[in-house]
Number of protein chains: 2
Amino acid sequence: MINENQPLQALTVLLRASQHIQEVIRKDMMPYGLNPTEFAVLELLYHKGDQPIQVIGQKILIASSSITYVVDKLVGKNYVTRVACAEDKRVTYASLTPEGRALIMTIFPEHKKRMEEVFEDVSLNELTHVIDSIKKIGYKAQSM
Amino acid sequence: MINENQPLQALTVLLRASQHIQEVIRKDMMPYGLNPTEFAVLELLYHKGDQPIQVIGQKILIASSSITYVVDKLVGKNYVTRVACAEDKRVTYASLTPEGRALIMTIFPEHKKRMEEVFEDVSLNELTHVIDSIKKIGYKAQSM
DNA sequence: TATATTTATCTCGAATTCGAGATATCTAAA
DNA sequence: TTTAGATATCTCGAATTCGAGATAAATATA
């Protein structure tokens, strides 16, 4: 593969790697009865605190109507509650329940280890460069 | 962000970039009435020739039952036909129709240009390293 | 103040993807 | 040859995601 088709090769490699990683996450979450989106929401709330539905959608790149569905699921499993915003009555926060917090505190360290595994064949120095480059690519794509 | 959480940062950056790129592709294909999966199938057939349903699924990482659905859609649009395999009667090939070939021959050069745009902020040398690293990461994830 | 616009969430129906199981065919082993 | 297991495709129902539109609330403008 020479330079001519480098961007297309980069595209393929990038998208396939993402799919494989997402598959790892999907399998890791299955025993907990979570899909990757539900996990992403729990992780967001755990690390960033209560978040408006709207903001969750922006952070994990999912439409607001889809977030409503995911939060419904998590509420049904008693991992999340909806909390009305006092200042702006249009806004509803999603908030971890004690059960939700306990679950994500169990899952997250395992997830972190697994991701260290995924990236273990790439040196720290290499990974730093990769992050820089992929950031540029992501920003560019976002702006298009 | 120091090294402690580098793998998690890499994960986020990688998955988000992929989502943004896929969104670019989705929007680019919309005027042609194709979704990204349908485009991926047409592109595969265009570059690799007729392919068994099964193989298409492996190449674009989609379940065989989903490929059946996608190929049905493309057959309905008259871009693809099913061709029985003479040697192995279990196998059905998907094959581009003249209309399908004409369409992908129109779309593909535009797609290529767009992807060059996506990656234009990263030098060729940089991109070579990125491809190497992401390949390693993808292989690792695939093996887990 | 009254009206128009924007924003946040939700409802609803459609599209896409999946997994489990069915069917037909092929291959290997007894 | 017959049987058992493997393989390729498809059917079906469920899960997930989306976009369009509805509703309520906040904000900006006349």
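FYI, it's all coordinate maths here, none of it is from the lab. Please read these numbers as outputs of a predicted model, since none were measured by experiment. For neighbour counting, all protein chains shown are included, and Cβ atoms are generated from backbone atoms with ideal geometry for every residue, glycine included.
Extending 7 Å from the Cα toward the beta-carbon at both residue B:99 and residue A:87 defines two label points whose distance is 5.6 nm.
Each part reduced to its alpha carbon centroid, the stretch A:28-54 and the stretch B:32-84 end up 33 Å apart.
As a check on your grasp of the helix formula, calculate [θ] at 222 nm for chain B: sum -39500 (n - 2.57) over DSSP H runs of n ≥ 4, divide by the residue count, round to the nearest 500. Write out the running numbers ahead of the final one.
Values: 6 runs with 99 residues, N = 144.
That comes out to -23000 deg cm²/dmol.
With Cα atoms as the point set, the radius of gyration and Dmax of the protein assembly as shown evaluate to 20.9, 70 Å. Please list, or write none, the lysines whose alpha carbon is within less than 23 Å of the alpha carbon of residue B:77, excluding same-chain residues fewer than 8 places away. Hits, sequence-local ones excluded: B:27, B:48, B:59.
Within straight-line reach of residue B:135, meaning a Cα separation under 17 Å, sit the following aspartates and glutamates at least 8 residues removed in sequence or on another chain: A:23, A:116, A:117, A:120, A:121, A:126, A:132, B:126. Here the Karplus relation 6.51 cos²θ - 1.76 cosθ + 1.60, evaluated at θ = phi - 60°, turns the backbone of the stretch A:130-144 into coupling constants of 4, 4, 4, 5, 5, 4, 4, 5, x, 4, 4, 4, 4, 7, 8 Hz, with x for every Gly and Pro. Among A:41, A:122, A:55, the largest mean-square fluctuation in a Gaussian network model of chain A (Cα springs under 10 Å) belongs to A:122.
Suppose we flag GluC sites (Glu not before Pro) only when DSSP calls them loop and at most 15 other Cβ atoms lie within 10 Å. Which is the longest uninterrupted stretch of chain B? Answer from the scan: B:1-86. To the nearest ten degrees, helix B:64-76 and the longest principal axis of the Cα atoms of chain B are 60 degrees apart. Close amide H pairs (under 5 Å, H built 1.01 Å from N) link residue A:80 with A:75, A:97, residues at least 5 positions away or on another chain.
Label-point spacing at residue A:58 relative to the other copies reads 4.4 nm, in ascending order, each point sitting 7 Å out from Cα along Cα→Cβ. According to the Cα-based calculation, Rg over Rh for the stretch A:21-107 is 0.96, with Rh computed by the Kirkwood formula.
Remark: chain B carries a charge dipole of roughly 440 debye about the Cα centre, counting +1 on each Lys and Arg Cβ and -1 on each Asp and Glu Cβ.
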